[in-house]
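The values are calculated or read from the model by the stated rules, or taken from the named source; none is laboratory data. What you see is a predicted model; the values in this text were computed from it and never measured. No Cβ is skipped: glycine too gets one built from the backbone with ideal geometry, and neighbour counts run over all protein chains shown. Ligands, DNA and RNA are excluded from the accessible area calculation, which covers all protein heavy atoms including side chains. Shrake-Rupley method; radii C 1.70, N 1.55, O 1.52, S 1.80 Å.
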Amino acid sequence: TTAPLLLSGVLGDRYGRVRIFFIGMATFGLAALACGLSQSYAQLLVFRAIQGCGASMMASVGLAILHYHTPAQKRGQAIGTWASLTTIIIAIGPATAGIITRLSDWHLVFLINVPFALLALWVAKKHVPENRSDHPASRISWFSTLLLLLGMSALLFGVIEVSRSGRSLYLMAFLITGGLAFLVYFFYRQIHRNNALIPSEVFGYRRFIAINLVTLCQWMAISGLFFLLPLQLQWTQGYDVLETGLSMLPTSISIMLVSRLSGRLSDRYGPFWPMAFGISCIGLSMAWLATAPSLQTYWSELFPITVLYGLGLGGLIAPLTAVAMNSLPVRFSGVASGVNNSAARIATMVAVALMGSLMVILFEPTLQNALVSLDLHPSVQNQLLAQASLLGNIDTSMIENSQTRLQLQGLISDSIADTFSRIMWFCALVSVLSLVLISYYHWRNPSQRASFWPADN
């Protein structure tokens with residue numbers, strides 16, 4: 001779904017952003033209906049991919065529409081409101097899905113999206129005026145879109161291959177090298193060709209490039225926590241899906257309470273301090289998780305961390321997005337939204353693939369040491385080691401002695417917690433890197449700190 005983000009932004013600038021939003025919402029709604037009616041796992045995968053493409057189209061041009069219709073001095077506040085409303089949906093989504101799945105049928109999780117899609121289509125048709133760029137790209141580069149799709153697919157599959165048992169180093173090296181080669185050629189085309197997917201003129205705006213590098217770094221850290229913490233809670237603390245979703249609600253509530261205020265402060269005083277506050281809170285919450293001895297007591301251990309994490313996200317999202325959108329002229333709103341959303345999405349995908357592989361790589365030797373300490377039969381050890389990539393889902397039923405089995409399960413939980421702690425330190429360091437980057441660009445221009453960076457033309 002990453003390639004459609006960029007492509008949709010360019011198409012929106014050229015053919016009309018509301019039109020592309022309408023097509024994306026219709027695709028999303030129809031795919032949700034198809035998911036709800038699917039009768040096999042293969043059908044569900046296909047329709048979910050189509051639904052993701054529709055969602056990408058909406059995400060890309062939706063923010064561009066908001067940016068176009070909002071005065072420059074109020075865009076931070078508007079984006080803060082957008083972030084708050086988006087977070088409400090994110091907050092109630094997992095919990096609602098868990099309740100529906102527990103009380104009824106999982107098909108309803110998808111079917112419930114259909115009436116909301118129809119309502120959004122009606123609102124877009126009746127109340128949102130069409131807008132497009134005054135100077136759209138003369139041609140749409142489908143070849144660049146293909147390069148981006150092939151590059152990201154090969155790179156991600158290569159990173160995932162690292163964690164597979166019986167992995168082939170040659171296949172992994174081929175995928176990663178090939179993916180990087182496609183991506184390098186993709187960016188070469190963007191810079192040196194007028195008919196590229198991203199107009200070459202965009203690369204002259206250094207502020208836009210810098211803020212998207214910050215987005216890339218920070219969303220890697222954010223996604224690492226979002227991906228691993230729910231698994232950690234289920235594997236080591238025994239949370240079910242519904243309890244995991246509810247335990248993360250304080251994060252979503254904090255984002256809702258802070259995002260609009262952060263956007264307003266960004267409009268009035270400049271985006272640096274809200275962004276610095278947000279990144280600092282995110283980094284501290286990750287360091288806190290890395291050093292937490294356990295998460296067994298929710299209110300005294302996990303709750304304050306989720307609140308701090310939410311305050312950080314609420315402080316960061318609105319000014320980060322506003323700077324990315326304001327870094328280009330309004331005629332490039334679709335491109336700005338597409339690139340910034342793509343940076344966040346690419347970071348999320350890489351983080352999920354990379355963190356999952358790191359979990360397995362760090363967990364496997366720890367599991368091996370635990371098995372040696374239990375003095376298990378070599379055949380049993382081999383069966384358990386073959387399941388290392390399953391992490392907390394390792395099947396220990398082949399161990400007949402119940403006391404030994406419980407001891408092994410405890411060692412597995414401890415090993416997962418130790419691995420999780422090391423990865424949280426890595427995510428905290430990525431947040432520090434983001435903070436250093438925005439601080440560098442802020443303090444090097446003391447006369448223009450209110451605008452964060454000077455406009456580059």
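Using a 1.4 Å probe and ignoring any ligands, DNA or RNA, find the accessible area of residue 96 and quote it in Å² to the nearest 10.
Ignoring ligands and nucleic acids, residue 96 comes out at about 60 Å².
Please report, in whole Å, how far the alpha carbons of region 192-333 spread along each principal axis, starting with the longest.
For region 192-333, the Cα spread along each principal axis is 55, 34, 25 Å.
Would you work out the charge dipole size for the chain about its Cα centre, treating the Cβ of every Lys and Arg as +1 and the Cβ of every Asp and Glu as -1, and quote it to the nearest 20 debye?
For the chain, the charge dipole is close to 1880 debye.
How far is helix 142-161 tilted, in degrees, relative to the longest principal axis of the Cα atoms in the chain, given as a value from 0 to 90 rounded to the nearest 10?
20 degrees
Of 81, 7, 18, which is farthest towards the positive pole of the chain's charge dipole, taken about the Cα centre with +1 and -1 on the beta-carbons of Lys, Arg and Asp, Glu respectively?
It is 18.
Taking 56 Å as R0, compute the FRET efficiency from the Cβ-Cβ separation of residue 149 and residue 240 and round it to 0.05.
That gives a FRET efficiency of 0.95.
What number, rounded to the nearest 500 deg cm²/dmol, is the helix-based mean residue ellipticity at 222 nm of the chain, given -39500 (n - 2.57) per DSSP H run of at least four residues and division by all its residues?
Calculated at 222 nm, the ellipticity per residue is -27000 deg cm²/dmol.
Where only protein heavy atoms count, and the probe is 1.4 Å, what is the accessible area per residue for the chain in Å²? Could you put the intermediate results ahead of the total?
On the way: 21500 Å² over 457 residues.
Solvent-accessible surface per residue comes out at 47 Å².
Angle between the Cα long axis of helix 169-192 and the longest principal axis of the chain, 0 to 90 degrees, nearest 10?
Roughly 10 degrees between the two axes.
Say each of residue 422 and residue 125 gets a label point 7 Å from the Cα, pointing the same way as Cα to Cβ; how far apart are those two points in nm?
Here the modelled spin labels are 5.6 nm apart.
The list [x] -0.64, -0.96, -1.15, -1.51; [y] -0.72, -1.06, -1.21, -1.43; [z] -0.83, -1.09, -1.22, -1.43 gives values of log10 I(q)/I(0) by the Debye sum over Cα atoms at q = 0.09, 0.11, 0.12, 0.14 Å⁻¹, and only one came from this structure; which label was calculated from it?
Among [x] -0.64, -0.96, -1.15, -1.51; [y] -0.72, -1.06, -1.21, -1.43; [z] -0.83, -1.09, -1.22, -1.43, the one derived from this structure is [x].
May I ask for the Rg/Rh ratio of region 2-128, computed from Cα atoms with Rh as the Kirkwood radius, given to two decimals?
Reported Rg/Rh, Kirkwood definition of Rh: 1.01.
Determine the share of region 199-330's accessible area contributed by carbon and sulfur atoms, expressed in whole percent, with a 1.4 angstrom probe.
Reported share for carbon and sulfur atoms: 68 percent.
What is the spread of the Cα atoms of region 207-272 along each of their three principal axes, largest first, in whole Å?
Rounded to whole Å, the extents work out to 45, 26, 12 Å.
What nm value, rounded to one decimal, do you get for the distance between residue 307 and residue 171 when each label is placed 7 Å out toward the C-beta?
Simple spin-label model gives 4.8 nm for this pair.
Taking Cα atoms, how many degrees apart are the long axis of helix 402-443 and the longest axis of the chain, rounded to 10 and kept between 0 and 90?
Between helix and principal axis, roughly 20 degrees.
Ranking request for peptides 43-54, 75-86: highest mean number of other beta-carbon atoms within 10 Å first, then the rest in descending order.
Packing proxy ranking, top to bottom: 75-86, 43-54.
Which sequence of 308, 433 reflects their accessible areas, 1.4 Å probe, from the largest down?
The ranking, largest first, comes out as 433, 308.
How high is the relative contact order of the chain, in percent, counting Cα pairs under 8 Å that sit 6 or more residues apart? List each step's numbers first, then the result.
Values: 708 pairs, mean separation 108.4, N = 457.
Once divided by the residue count of the chain, the mean separation gives 24 percent.
Which of 250, 121, 184 sits closest to the plus end of the dipole of the chain, meaning its Cα is farthest towards the positive end, when Lys and Arg get +1 and Asp and Glu get -1 on the C-beta?
Going by the Cα projections, it comes out as 121.
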